[in-house]
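K.L.:
Below: one structure in structure tokens.
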Amino acid sequence: MDRIRLIGGNELNGEIPISGAKNAALPLMIASLLTDEPLVLQNVPRLADVKLLERILENHGVDIAVHGRRRGEQESVGQTMTFHAADIVDTTAPYDLVSKMRASFWVIGPLLARCHEARVSLPGGCAIGTRPVDFFIYGLEQLGASIEIDEGYVVAKAPKGGLIGGLVHLPKVSVGATHTIMMAATLARGVTTIENAAMEPEIDNVANCLIAMGAKISGVGTRTITIEGVEKLHGATIDVIPDRIETGTFAMAVAMTGGNVLLSGARAEHLQSALDILGQVGATITNEVNGIRVQRNGNGLQAIDAEIDPFPGFPTDLQAQFMALMTRADGVSHIRETIFENRYMHVAELARFGADIKVDGQVATVTGVPQLKGAQVMATDLRASVSLVIAGLAAKGETVVNRIYHLDRGFERLEDKLSRCGAEIERIAG
Ligand code: EPZ
């Protein structure tokens, strides 16, 4: 299994190109199931999760083509890919594929809308919490579907003639349920209203793609989304937005090490709450034409409290990285995680660097220490893994991060991007 070895202590300086967002690319790929015409996605990141979803979509009959890189084009430019679901040959998404990645469950919406039936394995729990699918079942039932659980599969059937628009009031903001119900409703008869909808930028990206495919959607970017069903959707070409979580991760890395880095292609409005907090911590954040510049020169890190909330709040996918940063701050920081009940797996690993963190229910109390020491640590999930890299970049001596396949799920060329800015970091194969 590959590992990452790094020696802490170097500042980061230079430019890091931000890749396309994993959490937008995945639902955009799934949206291709809604039409028999090709959907072209630009700026798709090269990630293990994208590869896995390709296999799942191919199993349903989607033809996938990756367009070659144009002459002189950098590897940092995302891939252009075509997804063509001319015929859906199988409406079952099997356990061995769905169990590896929760987002693959979302195929249930488009399959049900277009084929009027779907049989999708339950995704199960994962390292960050139980993550049930009750909102999906409730939402699809509100569109007229009948749903049964059979041998670990969710078996969904639309009424004769297809799904029917309805009112879906989500009990809690859910990104996945919003994507799935929105996609399903595009081909339903009549009007669907999603109340308490997610407002994450990835929802906008998918809604804009659906609109480009002929869907009628309004209210995107608010808590109430309205979808007027149409008979058919067509092909389209759409760009995947820049990854706000990758952006925030590198911004925290620079705040941690000091230095001056341009995060090129990044969009500040997608992570303003996190950038505001980084400003209070002691980093200087400047919006430039080509992206966001992050600097910290000499001054110490200030301990700041953060509450994790759905967008536009501070994202849960940056909580672990922020905690790593706070381990070196002056004073005590309180972090409240309100989205997932078990997203503190990195605490025990950060303690190996000498961090002082106590968890009581939803709240982690981080007392800054003057120095972290390099250690052997283990990645437990995607964002937790990268928090260990951030800690290692500031720690004295050598750090080895084991089980980095988690990192490859969501970060494109992480060690390459960091080493080009001066970090001493390498991947050890095997
Ligand atoms: C998406 O997950 C992201 N994944 C996650 O990123 C992210 O952490 C999460 O949204 C929150 O922002 C993708 O976009 C692929 P939710 P999702 O449904 O949609 C509860 C990463 O590291 N809930 O918004 O699965 C749920 O348990 C990943 O890239 C129910 O109770 O998250 C959680 O407490 C990890 N019942 C809350 O809602 C349901 O049926 C929000 O989860 C659905 C969700």
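K.L.:
From the list ALA395, ALA384, pick out the single residue that is open to solvent by less than 10 Å² (accessible area, probe 1.4 Å), under 25 Å from the mean Cα position of the chain (by Cα) and within 23 Å of ASP305 (Cα to Cα).
P.N.:
After applying the criteria, what remains is ALA384.
K.L.:
Determine which member of the set GLU228, GLU269 is open to solvent by 30 Å² or more (accessible area, probe 1.4 Å), in contact with a Lys or Arg (Cβ under 7 Å, 6 or more places away or on another chain) and acidic (Asp, Glu).
P.N.:
Just one listed residue meets the conditions, GLU228.
K.L.:
Just need a number here: residues in region 162-183 that are within 14 Å of the ligand (Cβ to nearest atom), of a type in the set (Gly, Ala, Ser) and either within 12 Å of LEU34 (Cβ to Cβ) or open to solvent by 10 Å² or more (accessible area, probe 1.4 Å) (or both).
P.N.:
Here the count works out to 1.
K.L.:
When you scan region 81-97, how many residues do you find that are in contact with a strand residue (DSSP E or B) (Cβ under 6 Å, 6 or more places away or on another chain), under 22 Å from VAL44 (Cα atoms) and surrounded by fewer than 23 Cβ atoms within 10 Å (Cβ to Cβ)?
P.N.:
Number of matching residues: 3.
K.L.:
Can you tell me which residue in region 371-400 is nearest to PHE340 (Cα to Cα), limited to those that are of a type in the set (D, E, K, R) and outside any loop (DSSP other than H, G, I, E, B)?
P.N.:
That would be ARG383.
K.L.:
Could you tell me which numbered condition ARG336 fails, if it satisfies all but one of (1) out of contact with any helix residue (DSSP H, G or I) (no Cβ under 8 Å at 6 or more places or on another chain); (2) touching a residue at least 40 places away in the same chain (Cβ under 8 Å)?
P.N.:
Exception for ARG336: condition (2).
K.L.:
Quick check, is GLY422 open to solvent by 20 Å² or more (accessible area, probe 1.4 Å), in contact with a Leu (Cβ under 8 Å, 6 or more places away or on another chain), under 30 Å from GLN79 (Cβ atoms) and not in a helix (DSSP H, G or I)?
P.N.:
yes
K.L.:
For region 334-365, enumerate the residues that are part of a strand (DSSP E or B) and either touching an Asp or Glu at 6+ places or on another chain (Cβ under 6 Å) or farther than 24 Å from PRO312 by Cα (or both).
P.N.:
Once the filter is applied, which keeps residues that are part of a strand (DSSP E or B) and either touching an Asp or Glu at 6+ places or on another chain (Cβ under 6 Å) or farther than 24 Å from PRO312 by Cα (or both), region 334-365 yields HIS334, ARG336, ASP356, ILE357, LYS358, VAL359, ASP360.
K.L.:
Right, here's the next one. So, in region 4-22, exactly how many residues are surrounded by 23 or more Cβ atoms within 10 Å (Cβ to Cβ) and not small (Gly, Ala, Ser)?
P.N.:
Within region 4-22, residues that are surrounded by 23 or more Cβ atoms within 10 Å (Cβ to Cβ) and not small (Gly, Ala, Ser) number 6.
K.L.:
Taking region 331-353 on its own, how many of its residues are open to solvent by 40 Å² or more (accessible area, probe 1.4 Å), more than 14 Å from the ligand (Cβ to nearest atom) and under 21 Å from GLY392 (Cβ atoms)?
P.N.:
Selection size over region 331-353: 3.
K.L.:
Only one of (1) modelled with pLDDT of 95 or more; (2) within 16 Å of the ligand (Cβ to nearest atom); (3) out of contact with any Pro (no Cβ under 6 Å at 6 or more places or on another chain); (4) open to solvent by 30 Å² or more (accessible area, probe 1.4 Å) fails for PRO132. Which number is that?
P.N.:
Failed condition: (1).
K.L.:
I would also like to ask the following. Please work out which one of (1) within 16 Å of the ligand (Cβ to nearest atom); (2) open to solvent by less than 20 Å² (accessible area, probe 1.4 Å); (3) touching a Phe, Trp or Tyr at 6+ places or on another chain (Cβ under 8 Å) is the condition GLU307 fails and give its number.
P.N.:
Condition (2) is where GLU307 drops out.
K.L.:
Ok, one more. Can you tell me how many residues in region 23-46 are farther than 26 Å from GLY259 by Cβ and open to solvent by less than 10 Å² (accessible area, probe 1.4 Å)?
P.N.:
15
K.L.:
Among the residues that make up region 38-54, is at least one of them touching a Phe, Trp or Tyr at 6+ places or on another chain (Cβ under 6 Å), hydrophobic (A, V, I, L, M, F, W, C), within 26 Å of LEU143 (Cα to Cα) and touching a residue at least 40 places away in the same chain (Cβ under 8 Å)?
P.N.:
Yes, because at least one residue in region 38-54 is touching a Phe, Trp or Tyr at 6+ places or on another chain (Cβ under 6 Å), hydrophobic (A, V, I, L, M, F, W, C), within 26 Å of LEU143 (Cα to Cα) and touching a residue at least 40 places away in the same chain (Cβ under 8 Å).
K.L.:
If I filter region 150-161 for residues that are in a helix (DSSP H, G or I) and within 16 Å of the ligand (Cβ to nearest atom), do I get at least one hit?
P.N.:
no
K.L.:
So which residues in region 135-149 are within 8 Å of the ligand (Cβ to nearest atom) and either touching a Leu at 6+ places or on another chain (Cβ under 6 Å) or under 21 Å from THR316 (Cβ atoms) (or both)?
P.N.:
Of everything in region 135-149, those that are within 8 Å of the ligand (Cβ to nearest atom) and either touching a Leu at 6+ places or on another chain (Cβ under 6 Å) or under 21 Å from THR316 (Cβ atoms) (or both) turn out to be PHE135, PHE136.
K.L.:
Does region 375-386 hold any residues that are within 15 Å of the ligand (Cβ to nearest atom) and closer than 13 Å to ILE4 by Cα, and which are they?
P.N.:
ALA379, SER385, VAL386
K.L.:
Still on this model: Within the group GLN295, GLN321, GLN302, GLN272, which residue is of a type outside the set (Ser, Thr, Tyr) and within 14 Å of the ligand (Cβ to nearest atom)?
P.N.:
Checking each option against the conditions leaves just GLN321.
The values are calculated or read from the model by the stated rules, or taken from the named source; none is laboratory data. What you are looking at is a predicted structure, and each value in this text was computed from that prediction instead of being measured. For neighbour counting, all protein chains shown are included, and Cβ atoms are generated from backbone atoms with ideal geometry for every residue, glycine included. These accessible areas exclude ligands, DNA and RNA; they are computed on the full protein's heavy atoms, side chains included. Shrake-Rupley method; radii C 1.70, N 1.55, O 1.52, S 1.80 Å.
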